[in-house]
Amino acid sequence: MTDDELKKVAREVRKGILVGTHAAKSGHPGGSLSATEIMTLLYFEEMNVDPRNPRDPKRDRFVLSKGHCAPGLYATLAQRGFFPVEDLATLRHIGSYLQGHPNMNDTPGVDMSTGSLGQGISAAVGMAIAAKHWGDDYRTYALCGDGEIEEGEVWEAAMLAGNHALDNLCVIVDNNNLQIDGTIEEVNSAQPIGEKFKAFKFHVVDVADGNDFDQLRDAFAEARATKGAPTCIVTHTVKGKGVSFMENQVGWHGKAPNDEQFAQAMAELEREA
Amino acid sequence: MADVRKVATRDSYGEELVALGAEHDDFMVLDADLAAATKTGKFKAAYPDRFLDCGIAEQNLMGVAAGIATTGHRVFASTFAMFAAGRAFEQVRNSIGYPHLHVVIGATHAGISVGEDGATHQCNEDVALMRTIPGMTVIVPSDDVEARAAVRAAYEADGPVYLRLGRLAAPVIHGDGYHFEVGKGVVEREGTDVTVVACGLMVSAALEAADLLAQKGVSCEVLNIHTVKPLDEGLVVSSAAKTGRVVTVEEHSVIGGLGSAVCDALCAKHPVPVRKVGVQDVFGESGPALGLLRKYGLDGEGVARSIEDFLK
């Protein structure tokens with residue numbers, strides 16, 4: 001896809017994030033918006049997936065380890081055709097298949113149930129191990145938050161992945177610098193993130209602007225070309241990206257826009273188009 | 001029972017995994033640096049490329065097992081009960097239980113019969129924890145024959161299975177023709193005065209107690225409820241209806257385990273007086289396993305005393 005086409009998709013994904021969280025009156029727009037380009041590029045270019053056959057055993061896998069950014073994953077899957085875009089408005093509603101955190105058995109295209117931080121990356125490592133063991137050539141991608149990686153399980157998983165040279169695994173850290181209680185430095189920073197993953201035997205790629213498709217594309221290509229080690233892509237992103245009043249605001253980690261804010265945000269995205 | 005053959009169910013587990021490995025290559029066995037103790041080392045020796053040591057990292061062990069299971073392959077994840085059900089509880093709940101993935105958790109060294117390692121390693125809470133997870137099957141095999149059958153049944157199961165296994169050599173009480181079915185309790189001995197419901201190592205203790213009490217004219221009906229979840233409510237209720245009194249015996253806390261599961265069923269369907277024999281809301285301690293079982297009233301004589309006291 002051209003960058004313009006991708007940007008158009010990303011705008012629609014962002015709208016879907018706002019529609020979902022607004023309708024739910026809850027949810028996590030901030031980290032969904034920071035990771036929008038990452039998920040858009042993965043599902044529209046990088047990964048081998050088929051919305052008509054979401055459980056294809058040969059498909060590439062994506063694990064949203066920072067599961068609270070489900071609004072972003074759902075909006076991306078809907079844009080990719082896994083389910084109707086209209087359903088995004090049922091997010092977090094009783095009886096909806098769009099749960100507050102992803103459920104692999106409810107939602108087409110969701111490869112792993114996640115939400116409790118630190119657990120998704122372990123499952124991704126398991127998928128990569130299974131692929132190696134049974135000779136499948138699919139790749140597995142895991143998206144972690146920069147706050148999430150304060151969880152010890154992340155480093156247990158990283159240790160195993162590095163020691164087993166899982167070059168079919170790509171971990172992406174969405175380094176938007178904010179977590180619920182403040183900046184990651186204020187809370188309990190995992191920096192230097194790249195150095196830590198290097199120490200765990202990962203090949204590390206630093207993406208200066210993780211909301212830029214060209215830079216992300218190069219990073220994914222480098223990850224795919226890397227043999228003998230898993231890759232960690234550290235992407236520097238802007239939390240709340242694309243909605244002026246949400247950008248770099250810690251308060252928008254887990255808060256839904258009210259009617260007025262929703263209208264303003266949607267208008268901003270329309271103007272951008 | 002000195003002349004009875006004794007086998008630790010962890011040995012049964014390791015050996016049956018090897019046998020299963022000879023028939024199937026669609027599963028992996030994972031451990032967390034305890035292969036020598038959990039006996040998955042036997043599988044590792046036989047099929048090194050199908051074994052994965054995750055190191056001392058049980059949370060990741062469970063998550064990796066879940067990830068493998070999402071690919072449609074089967075997986076056994078082994079460590080001590082304390083770390084499988086305790087440390088990694090939330091991983092088991094959220095990464096295995098919630099998506100209902102077919103992971104078999106082979107949890108060894110359960111209960112106070114761990115012995116000398118003491119309280120930190122004697123998990124008396126695992127059945128209670130695992131029983132609360134929706135869709136989790138909880139099996140507590142009583143002997144070698146049952147443990148081997150349980151390994152095979154767990155392999156064939158749908159969804160997560162928690163296999164509770166022991167370190168101590170347990171009397172082999174079943175013969176080769178023994179029929180094992182998940183969720184189906186076994187009447188080990190018929191009786192009329194009291195129903196004794198046991199699981200795991202306590203089945204042989206309950207049978208020994210029944211022998212001792214028979215000499216005093218007390219007739220015990222001994223039920224082996226190897227599957228604590230889903231519980232064979234029909235068998236428990238019908239036996240309770242017959243005898244009118246129930247004693248549960250488990251090498252586990254009396255809070256939340258087999259005794260609680262039996263009480264849940266009886267409360268709803270046929271309330272009768274129940275005495276729960278087990279570890280009485282205390283931590284264990286170091287010592288030889290048989291000595292600890294005696295001290296905590298979980299040998300045949302201790303169980304007989306509790307039953308007798310209950311019937312007074």
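The values are calculated or read from the model by the stated rules, or taken from the named source; none is laboratory data. Quick caveat, the model's predicted, so the values are computed rather than measured. Cβ coordinates were reconstructed from backbone atoms using ideal geometry, including for glycine residues, and neighbour counts include every protein chain displayed.
Suppose we filter the range A:236-249 for residues that are buried (at least 17 other Cβ atoms within 10 Å of the Cβ) and either in a loop (DSSP other than H, G, I, E, B) or of a type in the set (V, I, T) (or both); how many remain? Spell out how you get there, then give the answer.
To start, the set of residues in the range A:236-249 that are buried (at least 17 other Cβ atoms within 10 Å of the Cβ) comprises A:236-243, A:246.
Next, from what is left, pick out any that are either in a loop (DSSP other than H, G, I, E, B) or of a type in the set (V, I, T) (or both): A:237-243, A:246.
Looking only at that region, the number is 8.
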Residue check for A:P71: buried (at least 21 other Cβ atoms within 10 Å of the Cβ) and more than 8 Å from every other protein chain (Cβ to nearest Cβ): yes
Any chance A:L98 is of a type outside the set (S, T, Y), within 13 Å of chain B (Cβ to nearest Cβ), more than 20 Å from A:I38 (Cα to Cα) and in a loop (DSSP other than H, G, I, E, B): no
Any hit, the range A:54-65, residues being buried (at least 18 other Cβ atoms within 10 Å of the Cβ), in contact (Cβ under 8 Å) with a residue 24 or more places away in the chain and away from chain B (no Cβ under 14 Å): no
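Regarding B:R148, is this residue surrounded by 20 or more Cβ atoms within 10 Å (Cβ to Cβ), outside the structural domain of B:A261 (by TED's automatic domain parsing) and basic (K, R)?
Details: surrounded by 20 or more Cβ atoms within 10 Å (Cβ to Cβ): yes; outside the structural domain of B:A261 (by TED's automatic domain parsing): yes; basic (K, R): yes.
Against the criterion (surrounded by 20 or more Cβ atoms within 10 Å (Cβ to Cβ), outside the structural domain of B:A261 (by TED's automatic domain parsing) and basic (K, R)), B:R148 qualifies.
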Residue match in the range B:189-208 (condition: over 19 Å from B:R275 (Cα atoms) and either surrounded by 19 or more Cβ atoms within 10 Å (Cβ to Cβ) or among the aliphatic types (A, V, I, L, M) (or both)): no
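Please state which one of A:D174, A:D206, A:D111 is of a type outside the set (F, W, Y), touching a strand residue (DSSP E or B) at 6+ places or on another chain (Cβ under 8 Å) and facing chain B (nearest Cβ under 9 Å). First the steps, then the outcome.
Working: A:D174 fails: facing chain B (nearest Cβ under 9 Å); A:D206 fails: facing chain B (nearest Cβ under 9 Å).
Every option except A:D111 fails the conditions.
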Check on A:G72, over 16 Å from A:V110 (Cβ atoms), in a helix (DSSP H, G or I), within 10 Å of the chain's Cα centre (by Cα) and not β-branched (V, I, T): no
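Just to be sure, is B:M82 of a type in the set (A, V, I, L, M), in contact with a Cys (Cβ under 7 Å, 6 or more places away or on another chain) and in the same structural domain as B:I139 (by TED's automatic domain parsing)?
Values: of a type in the set (A, V, I, L, M): yes; in contact with a Cys (Cβ under 7 Å, 6 or more places away or on another chain): yes; in the same structural domain as B:I139 (by TED's automatic domain parsing): yes.
Spelling it out, B:M82 is indeed of a type in the set (A, V, I, L, M), in contact with a Cys (Cβ under 7 Å, 6 or more places away or on another chain) and in the same structural domain as B:I139 (by TED's automatic domain parsing).
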Pair list, Cβ under 8 Å, 6 or more apart: the range A:245-270 residue under 20 Å from A:V9 (Cβ atoms), other residue in a helix (DSSP H, G or I) and among the hydrophobic types (A, V, I, L, M, F, W, C): A:M246/A:L33; A:M246/A:W252; A:M246/A:A265; A:A265/A:L18; A:M266/A:L18; A:L269/A:L18
Those residues of the range B:53-88 which are farther than 13 Å from A:A123 by Cβ, assigned to a helix (DSSP H, G or I) and within 11 Å of chain A (Cβ to nearest Cβ), in sequence order: B:E58, B:R87
Count of the range A:125-146 residues which are touching a Lys or Arg at 6+ places or on another chain (Cβ under 7 Å) and in a helix (DSSP H, G or I): 1
The one condition in (1) touching a strand residue (DSSP E or B) at 6+ places or on another chain (Cβ under 8 Å); (2) in contact (Cβ under 8 Å) with a residue 40 or more places away in the chain that B:A153 fails to fulfil: (2)
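Out of curiosity, is B:K242 charged (D, E, K, R) and under 14 Å from the mean Cα position of the chain (by Cα)? Before the answer, list the steps.
Numbers: charged (D, E, K, R): yes; under 14 Å from the mean Cα position of the chain (by Cα): no.
Considered against the rule, which asks whether it is charged (D, E, K, R) and under 14 Å from the mean Cα position of the chain (by Cα), B:K242 comes out as no.
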Verdict on B:A8 being under 18 Å from B:D126 (Cβ atoms), away from every other protein chain (no Cβ under 14 Å), surrounded by fewer than 24 Cβ atoms within 10 Å (Cβ to Cβ) and of a type in the set (A, V, I, L, M, F, W, C): yes
Inter-residue pairs, beta-carbon under 6 Å, first more than 20 Å from B:V114 (Cβ to Cβ) and in the range B:234-263, second assigned to a strand (DSSP E or B) and of a type in the set (D, E), 6+ apart: B:S239/B:E221; B:T243/B:E221
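For the range A:181-198, state whether one or more residues are out of contact with any Leu (no Cβ under 8 Å at 6 or more places or on another chain), assigned to a helix (DSSP H, G or I) and within 14 Å of another protein chain (Cβ to nearest Cβ). Working first, answer last.
Let us first name the residues in the range A:181-198 that are out of contact with any Leu (no Cβ under 8 Å at 6 or more places or on another chain), namely A:181-183, A:185-198.
Pick out the ones that are also assigned to a helix (DSSP H, G or I) and you get A:185-187, A:193-198.
Going one step further and asking which of them are within 14 Å of another protein chain (Cβ to nearest Cβ), we end up with none.
Looking through the range A:181-198, none of the residues is out of contact with any Leu (no Cβ under 8 Å at 6 or more places or on another chain), assigned to a helix (DSSP H, G or I) and within 14 Å of another protein chain (Cβ to nearest Cβ).
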The range A:114-136 - residue that is surrounded by 20 or more Cβ atoms within 10 Å (Cβ to Cβ) and without any contact (Cβ under 8 Å) to a residue 40 or more places away in the chain and, of those, nearest to A:D259 (Cα to Cα): A:S122
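Looking at the structure I just gave you, is A:A161 part of a loop (DSSP other than H, G, I, E, B), more than 25 Å from A:M1 (Cα to Cα), modelled with pLDDT of 95 or more and of a type in the set (A, V, I, L, M)?
Details: part of a loop (DSSP other than H, G, I, E, B): no; more than 25 Å from A:M1 (Cα to Cα): yes; modelled with pLDDT of 95 or more: yes; of a type in the set (A, V, I, L, M): yes.
No.
Considering each of A:A265, A:A229, A:A223 in turn, give the residue that is under 20 Å from A:A161 (Cβ atoms), hydrophobic (A, V, I, L, M, F, W, C) and assigned to a helix (DSSP H, G or I). Walk me through how you get there before you give the answer.
On the way: A:A265 fails: under 20 Å from A:A161 (Cβ atoms); A:A229 fails: assigned to a helix (DSSP H, G or I).
Result of the check over A:A265, A:A229, A:A223: A:A223.
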The one condition in (1) in a strand (DSSP E or B); (2) more than 25 Å from B:R167 (Cα to Cα); (3) not hydrophobic (A, V, I, L, M, F, W, C) that B:D309 fails to fulfil: (1)
Any chance B:G97 is within 11 Å of another protein chain (Cβ to nearest Cβ) and over 21 Å from the mean Cα position of the chain (by Cα): no
